[in-house]
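Notes follow the structure.
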Amino acid sequence: MSLLADYEALVGSSTIAELRALAGRLAGKQVLMISSTRAGGGVAEILNRMAPLFQELGLDVRWDVMEGGLSFFKVTKKFHNALHGQRAAIRQEMFELFLQVGRANMHKMALDREIIFVHDPQPITLVEARGRHPASRWIWRCHIDLSRPKQRVWEFLRPFILKFDAAVYSHPAFVQQMPMRQVLVAPSIDPLSDKNRELPMEEIRAVLARLEIPQDLPIVTQVSRFDRLKDPIGVIEAYRKVRRTVKCRLVLAGGPATDDPEGEAVLSEVREAAGNDPLIRLLMLPPNSDVEINALQRASAVVVQKSLREGFGLTVSEALWKARPVVASAVGGIPLQVKHRYSGLLVHSVEGAAFAIKQLLNNPSYAKHLGENGKEHVRGHFLLTRHLADYLLTFISLDYTTDTIVLN
Ligand code: UDP
């Protein structure tokens, strides 16, 4: 049974033929993807969907995750925030723990594979082992907005990054001055996953009933881990301004990720900010709540992504693919997805978000127009098939020392 054939109807047969042609040059290529969690957050979302398609294309792709423990992930979350340009108190022993956990993982992973594809900073120090297997090629995939990193963390990580053969970023503004090959690859969503596939209206209604969300008023939703950089409290403030003139419900849906230890603390801050407003629904969804998230996004009159920093924000493409009107902050990779007043509304503040949400709730035909444009924009740029092609090209390019890539 072909998984890829199912994508033809959505992206056309030439896209699938291109993937097969590129993959023909990489038959049997051994790739090890390494990330820091199997569930929760955008990286896990993508790798879960991508790995079986690589296999079908004939590459020998495996995916392994760092074993870290709570104290390691507390440190890496601080690194994450600092790389996004946020202040983070980092002590010397945190750097040491980071190195120590990297060394402990080196012996557990198959670092002798032909391509080692490291996602984000958590597993970055594994590159120290590359001397043991000189034939392997190493790629660092950065999903973070690196445009304004705090220097202490960046300077600590940079010598490791310099040991890679290539670095991959989501947006041109994130690219750092470095001598190795630098590649731009935007993330993507899988249109056939449970999170994004079409859902019948009865199923959407049933999910909302199960989640105890009445469908009497328009629903405004943000789906995100409970993370301060996603600004859930800013979303509540914007909703309160909207509510002065327009009746609506607010849903904030989030879930845990093993590499994000701050979720519980942020959720309690959000609970406090929400108070006892009966029109606000906070949901802590278990992992794999894909159909629930799909239904929530489809049932929303407006989907919000009010991030303060964002590498890409898969939730934006997820909503656009469902032709939902989106109000999102003009940060990081979001403007790649939302072209202001074409495929959504970009905002810069709580006031701006409130104004944009009101505008869309009051003008459903404009909202519908933005959502429809958004869907086509995602079809053209942010579906998994384009992402696979970009990675196949990146793998092929590792065999060339110049920028010339020779195709069939
Ligand atoms: N997500 C989820 N459950 C949740 C919250 C988020 O499955 O409770 C998913 C969301 O649908 C998206 C991914 O996690 O696919 C988040 O990716 P994004 O790039 O938006 O943000 P990240 O968490 O990687 O910062």
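Bear in mind that the values in this text are calculations on the coordinates, not laboratory data. Note that this is a predicted model, so its numbers are computed, not measured. Cβ coordinates were reconstructed from backbone atoms using ideal geometry, including for glycine residues, and neighbour counts include every protein chain displayed.
For region 1-115, the fraction of C-alpha pairs farther apart than 18 angstrom is 64 percent. Distance from the alpha carbon centroid of region 156-224 to that of region 127-143 works out to 25 angstrom.
Summarising the label geometry, the points placed 7 Å from Cα in the beta-carbon direction at LEU393 and GLU376 lie 2.3 nm from one another. Calculated FRET efficiency, ASN276 to GLN86, Cβ-Cβ distance, R0 = 35 Å: about 0.70 to the nearest 0.05. Extension gain for ARG148-LEU70 works out to 25.4 nm (0.36 nm per residue, less the C-alpha to C-alpha distance).
Applying a DSSP loop filter and a limit of 14 other Cβ atoms within 10 Å to the GluC sites (Glu not before Pro) in region 203-289 leaves GLU212.
Pairs with C-alpha atoms separated by more than 20 Å, drawn from the list LYS241/LYS322; LYS78/LYS163; LYS74/LYS150; LYS339/LYS368; LYS306/LYS339, are LYS241/LYS322; LYS78/LYS163. Its Cα centre serving as origin, region 24-85 has a Cβ charge dipole (Lys and Arg +1, Asp and Glu -1) of approximately 200 debye. Placing unit charges on each Cβ (+1 for Lys and Arg, -1 for Asp and Glu) gives the chain a dipole about its Cα centre, and among GLY333, THR394, TRP321 the Cα reaching farthest toward its positive end belongs to GLY333.
Report note on the peptides 218-225, 229-236: ranked by the mean count of other C-beta atoms within 10 Å, highest first, their order is 218-225, 229-236. The packing ranking, built from the mean of other Cβ atoms within 10 Å per residue, places the peptides 124-130, 91-97 in the order 124-130, 91-97, highest first.
Along the axis of the charge dipole computed for the chain (Cβ charges of +1 for Lys and Arg, -1 for Asp and Glu, origin at the Cα centre), the listed residues GLY12, SER289, LEU217 are led at the positive end by LEU217. Using bins of 10 Å that start at zero, the share of Cα-Cα pairs per bin across region 303-374 amounts to 25, 60, 16, 0, in whole %. Ordering 319-329, 24-34 by mean Cβ neighbour count within 10 Å, with the highest value first, yields 319-329, 24-34. Over all distinct Cα-Cα pairs of region 102-258, the Kirkwood formula returns a hydrodynamic radius of 19.6 Å.
Just check region 163-217 against the gyration tensor rule for me: Cα atoms, a ≥ b ≥ c as the square roots of the eigenvalues, rounded for a/c under 1.5, and otherwise prolate or oblate depending on whether a/b exceeds b/c. In terms of gyration-tensor shape, prolate. If you wrap the Cα atoms of the chain in a convex hull and average its projected area over all directions, you get 19.5 nm². Taking a ≥ b ≥ c as the square roots of the Cα gyration tensor eigenvalues, with a/c under 1.5 meaning rounded and otherwise prolate when a/b beats b/c, else oblate, which class fits region 260-365? Rounded, since a/c falls under 1.5.
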